[in-house]
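Trainee: Have a look at this one before I ask anything.
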Amino acid sequence: MRIALYILYLRCFCSTAAMAADNSDIYSFSLEELLNMPVSIASRNETPLAKTPSSVSLFTREDIDRLGLRTLGDLLTRVPGFYSMMDSVEGNSSHMVMRGHAQNYANTLLVLLNGQRINDDYTGGLNYVIRYLSIRDASKIEVIRGPGSALYGSNAYSGVINIITDAKPEISATLGSLGTTALYLSEQLTLADWQLGASLNFYRDEGYEFTHVFDPSGLQTTTNDPKTVEQLNISAKDQNSSINFQYLHSKRQNYYLFRRLRDGVSELELSHWTLYGSHQLWQQNKWTVDITGGYQHASRESLSALVAGGTPPYEQADFLFGLDFEYQSANVALDATYQFSDELKLNLGSFFSSSDIPRAYLKSNYNLYGDEEYLGEVLTFDTNTAQRTVLDKTRRIQSVYAQSEWQMTEQITLTAGLRLDAYNDIDNALTPRLSLVHAIDENQGYKLIYAEAYRAPSLGDLYDEESGLTVGSQTLKANELNSIEAVYYWYGTQTAVTATLFANHHQHIVGRFNTDNLSFLANIGSNKARGLELQLQWQPNSDWLLKSDITHLFTNQTHIVEGAGLTPSEIIAPKSYVNYEIQYGPNDWSLSLSGNWRSEVQALSKQGSLLLINAHIRYRWSQDVRWELSIKNLSDERYSTSAYSPLGTAENGQRVQELPARGRQLSLELNYQL
C-alpha cells in the first residue's frame with residue numbers, strides 16, 4: 001500500500017510540474033441549474049428535479065466528492081427525511097428511519113444499481129448480504145423520498161435509491177487513523193463503438209476500540225470492529241446496450257454478532273456478485289422499447305459464541321454457532337414508452353423474477369441435531385434437507401405496470417400509475433399512485449401526491465425454520481402503506497425552499513409474536529406518522545453553499561397487539577432530525593462541514609439530543625491532482641445507535657437496546673485524475 005502511495009506521489013509531482021492549476025469554481029452547477037436538472041427515477045421519464053411527480057433528491061458527482069461520501073452508508077446520512085441508525089458494521093440490528101418509520105435490514109428501502117434491484121428476497125433488505133457498498137463510481141444518485149411501488153414493486157415502500165455509475169479514470173490512495181488503508185483505481189477506454197470501464201476498490205481498517213460495552217454473557221467490557229472490503233466493477237456500453245458486472249466481498253471480526261460479543265471468535269464474511277444488462281430493442285416514431293435482465297448470487301458465512309464454555313451442557317468448550325447461507329435471483333423486464341401526443345406520454349412494462357435459497361445450514365462445535373454432544377471442531381450440518389434453516393422454496397413474481405403522464409396545461413401535469421405484482425407464494429399486490437404538479441410560475445409551484453406501497457413478506461419471513469431463531473409464518477400479509485404528500489417549492493438564483501407535509505399510514509407490520517416456548521412472525525401492528533420536511537438552500541456566490549434539511553414528526557404512533565415483541569418506531573427513532581451542510585470553496589481549496597442533529601431517542605441510555613459534525617477539506621494541487629482530508633465525528637462524540645431488537649438486560653434491570661458507534665476518524669487521500 002505504501003509503495004502504491006509513493007508511485008502515486010511521483011506521478012502527481014510530475015503532473016504538477018507540467019500543468020497549471022485549475023482555478024475553476026468548485027460547484028459545477030448553479031442552484032437554478034441543479035433544480036432544473038433532469039431525473040428519471042420518479043416516472044421513468046426525464047423530468048426537471050423540482051417538478052418530479054414524487055419527492056426526489058439528487059446527488060451529483062460533485063456533491064458526492066465534496067462531501068467525501070465513499071459508501072452507501074455515508075449517503076444514507078445525507079438524504080432528507082432519512083435518519084440512519086446503521087451501526088459501525090451495518091449489522092442486522094441496524095435500521096433506517098424514514099419519515100419516522102423504522103425497519104431493520106432497511107427492507108422498506110429499495111436500492112437500484114443502474115436500474116437493477118439489488119435487495120435480496122430473503123430479508124427484502126440490503127445489509128444481510130451486502131455491506132460497505134462503495135459509491136465512488138457513481139456519476140449521480142437519485143432518491144425517491146416516499147413510496148415507489150407503483151413503478152418498482154415490493155420494498156419501494158419508504159424510498160427508492162438509484163445509483164447510476166460512470167467511473168471517471170482516476171487513482172487514489174488513502175491512509176488514516178484506525179490503521180486505515182484504501183486504494184481506488186478506475187479506467188475507461190474505447191473499443192470500436194463500445195466504451196469499456198473498470199474500477200477496483202480496496203479498503204481495510206483495524207477497527208475502533210470500544211470500551212464499557214454491554215456483553216449479554218458478561219465476559220468482556222471492550223470490543224472492536226476491524227473490516228476488509230474489496231469491490232470490482234466492470235462495464236461495457238454502446239449507444240443501445242450496456243453490460244455491467246459487480247463483485248463485492250467483505251469480512252469483519254468481533255463486535256456484535258447474533259447479539260453476542262466474543263472477540264477472537266466472531267466473524268462474518270459476505271460475498272455478492274451481480275451481472276446485468278440492458279438493450280434498446282426499438283426506437284421508432286412514438287415508441288421506445290427496452291429489455292433488461294440480471295442475475296445475482298450472494299453467500300454469507302458467520303460464526304460466534306452463543307454460550308461460554310463451562311456452562312451446562314457446554315462444559316467442554318464455548319458453544320459456537322454460525323450459518324452457511326447462499327442466495328440467488330434472476331429477473332428480466334420489458335419497458336416501453338409511447339408518446340401519444342405532445343401532451344400525453346404512456347409508460348408500460350412487465351417484470352419477471354425468480355429467487356431461492358440454495359443453502360441455509362447451521363454450523364457448530366456441538367451436535368445441534370443430536371444430544372448436543374461436543375464434536376471437537378466446527379461442522380456444518382448439511383447432510384439432509386431436513387436440516388435446512390430455511391425451507392427449500394422458490395419465489396416467482398410476475399408484474400405489469402402502466403403509467404400516464406398528462407400535460408393538462410402549460411403549468412399543470414397529472415401523473416397516474418398502477419402496478420400489479422402476482423406472487424406464487426403470497427397474495428397479489430395492486431399499487432396505485434396519483435400526482436398533480438402545478439408550476440405557478442418559473443420559480444414556484446406545488447405538488448399533491450397520493451401513493452400506496454407494500455413490502456412483501458420475505459422468504460425468511462415465510463420459510464425460516466426453528467433453529468434457535470424466530471420461526472417464519474406462511475400466513476403473513478404484506479406490509480402496506482398509504483401516503484399523502486403536499487409539497488410547495490420556490491427557488492431563485494441564490495435561494496431554494498421546499499416544504500413537504502406528509503401523512504403515512506402503515507398496516508400489517510410484521511414482527512415477532514412471543515409465546516412461552518416459541519417466537520414466530522406475525523402481522524402484529526400498525527403505525528400512523530404525520531410530519532414536515534423542510535429543505536433550505538442558499539448559494540450567495542460561487543464560493544459558498546449552505547444547505548439544511550429538517551424533518552419533524554407531529555405524530556408517530558404505533559399500535560401493537562398484546563404479546564408481540566416489536567419495539568415501536570417512536571421508541572427507537574427521533575422525533576426531529578436535521579441534516580446540514582456548509583461549503584466554502586475559494587480558488588483551489590474546498591472546505592465542507594456537514595452532519596446531522598437529532599432529538600432524544602427513548603431507547604438510548606444516554607438521553608438528550610446529539611450533534612455530529614464531519615469535515616472534508618480538498619486542495620487542488622494541479623489540474624489532475626488533489627489532496628483530501630476527511631474527519632468523521634469531528635468532536636469525537638461517544639454515542640450509540642438504537643438497535644432494532646434488544647440485546648439483553650443490564651445488571652440494573654434496564655433493557656439494553658443500543659449499539660456503540662465509532663468516535664473520531666481521520667483519513668488523508670491523494671487523488672490523481674488519469
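Trainee: Just want to confirm a number: the relative contact order over the chain, from Cα pairs under 8 angstrom separated by 6+ residues, in percent. Write down the numbers at each step before the final one.
Mentor: Numbers: 1903 pairs, mean separation 85.1, N = 674.
Rounded, it is 13 percent for the chain.
Trainee: Identify the residues of the range 153-196 with backbone N under 16 Å of a label point that sits 7 angstrom from the Cα of L674 along the Cα-to-Cβ direction, or state none.
Mentor: 166-173, 183-191, 195-196
Trainee: Averaging the inverse of every distinct alpha carbon separation and then flipping it gives the Kirkwood radius. What is it for the range 537-673, in angstrom units?
Mentor: 17.9 Å is the Kirkwood radius here.
Trainee: Moving to a separate point now. Once amide H atoms are placed 1.01 Å from N in the peptide plane, what residues at a sequence separation of 5 or more from N114, or on another chain, have their amide H within under 5 Å of its amide H?
Mentor: Here I163, I164, T165 satisfy the definition.
Trainee: Here's another thing I want to ask about it. For the range 403-414, in order, what is each residue's ³J(HN,Hα) by Karplus, 6.51 cos²θ - 1.76 cosθ + 1.60 with θ = phi - 60°, in whole Hz (x at glycine and Pro)?
Mentor: Result, rounded to whole Hz: 8, 10, 10, 10, 7, 5, 9, 5, 9, 10, 10, 10.
Trainee: Let me ask something else. Test of understanding: what is the full-extension gain from E465 to T495, defined as 0.36 nm times their sequence separation minus their Cα-Cα distance?
Mentor: Going from the current span to full extension adds 5.3 nm.
Trainee: Another question, then. For the range 92-191, report the accessible area per residue in Å² (1.4 Å probe, heavy atoms, rounded to an integer).
Mentor: Ligands and nucleic acids excluded, the result is 19 Å² per residue.
Trainee: Same structure, new question: Length gain on complete extension for the stretch D636 to Q407, per 0.36 nm per residue less the alpha carbon to alpha carbon distance?
Mentor: Details: separation 229, 0.36 × 229 = 82.44 nm, distance 5.18 nm.
Answer, rounded to one decimal: 77.3 nm.
Trainee: With the crude spin-label approximation of a point 7 Å out along Cα→Cβ, what separation in nm comes out for Q607 versus Y584?
Mentor: For the pair Q607/Y584, the computed spacing is 3.8 nm.
Trainee: Over 10 Å intervals from 0, what percent of Cα-Cα pairs in the range 408-465 sits in each interval?
Mentor: Percent of Cα pairs in each bin: 19, 32, 21, 16, 10, 2.
Trainee: What are the extents of the Cα atoms of the chain along their three principal axes, listed from largest to smallest and rounded to whole Å?
Mentor: Principal extents (Cα only, largest first): 73, 59, 54 Å.
Trainee: A follow-up question, please. Normalised by the number of residues in the range 579-631, what is the relative contact order in percent for Cα pairs under 8 Å and 6+ residues apart?
Mentor: Taking the mean separation of contacting Cα pairs over the length of the range 579-631, I get 29 percent.
Trainee: Using θ = phi - 60° and the Karplus relation 6.51 cos²θ - 1.76 cosθ + 1.60, list the HN-Hα couplings for the range 540-547 in order, rounded to whole Hz, with x at every Gly or Pro.
Mentor: Values per residue, Gly and Pro as x: x, 7, 6, 8, 10, 8, 10, 9 Hz.
Trainee: For the chain, what does -39500 (n - 2.57) per DSSP helix run (n ≥ 4), summed and divided by total residues, give at 222 nm, in deg cm²/dmol to the nearest 500?
Mentor: The helix contribution divided over the chain gives -1500 deg cm²/dmol.
Trainee: While we're on this one: Treating only the Cβ atoms of Lys and Arg (+1) and Asp and Glu (-1) as charged, compute the dipole magnitude of the chain about its Cα centre; round to the nearest 20 debye.
Mentor: Computed charge dipole of the chain: roughly 700 debye.
Trainee: Next question, about the same structure. Can you tell me, using C-alpha contacts under 8 Å and at least 6 residues apart, the relative contact order of the range 565-674 as a whole percent?
Mentor: Relative CO of the range 565-674 lands at 22 percent.
Trainee: Using a probe of 1.4 angstrom, how much of the accessible area of the range 369-495 is carbon and sulfur, in percent?
Mentor: Summing carbon and sulfur atoms, their accessible area is 51 percent of the total for the range 369-495.
Trainee: Give me the distance between the Cα centres of the range 445-493 and the range 232-276, rounded to whole Å.
Mentor: Cα centres, the range 445-493 to the range 232-276: 25 Å.
Trainee: Could you calculate the contour length gain from E562 to A317, that is, 0.36 nm times the residue separation minus the distance between their Cα atoms, to one decimal place in nm?
Mentor: 84.3 nm
Trainee: Next question, about the same structure. Would you calculate the separation in nanometres between label points at V332 and L348, each defined as 7 Å from the Cα along the Cα-to-beta-carbon direction?
Mentor: 1.9 nm
Trainee: Pairs K447/K477; K477/K528; K51/K632; K168/K447: which are spaced more than 25 Å apart, C-alpha to C-alpha?
Mentor: In this structure, K447/K477; K51/K632; K168/K447 lie more than 25 Å apart at Cα.
Trainee: Efficiency by 1/(1 + (r/R0)^6): what FRET value for N541 and T222, r their Cβ-Cβ distance, R0 = 41 Å, to the nearest 0.05?
Mentor: On the way: r = 49 Å, r/R0 = 1.19.
Plugging the Cβ-Cβ distance into 1/(1 + (r/R0)^6) gives 0.25.
Trainee: Rounded to the nearest 0.05, what FRET efficiency do Y619 and D371 have when you use their Cβ-Cβ distance and R0 = 56 Å?
Mentor: 0.25
Trainee: To the nearest 0.05, how large is the calculated FRET efficiency for R664 and S599 if R₀ is 22 Å and r is the Cβ-Cβ distance?
Mentor: Efficiency at R0 = 22 Å is approximately 0.40.
Trainee: If amide hydrogens are placed 1.01 Å from N in the peptide plane, which non-local residues have theirs closer than 5 Å to the one on W621?
Mentor: Excluding prolines and chain starts, which carry no amide H, the hits are R626, W627.
The values are calculated or read from the model by the stated rules, or taken from the named source; none is laboratory data. Computed from a prediction, not measured in an experiment: that's the story for all the values here. We place every Cβ from the backbone using ideal geometry, glycine too, and count neighbours over all the protein chains shown. In case anyone asks, the SASA skips ligands and DNA or RNA and just uses the protein heavy atoms, side chains included. Shrake-Rupley method; radii C 1.70, N 1.55, O 1.52, S 1.80 Å.
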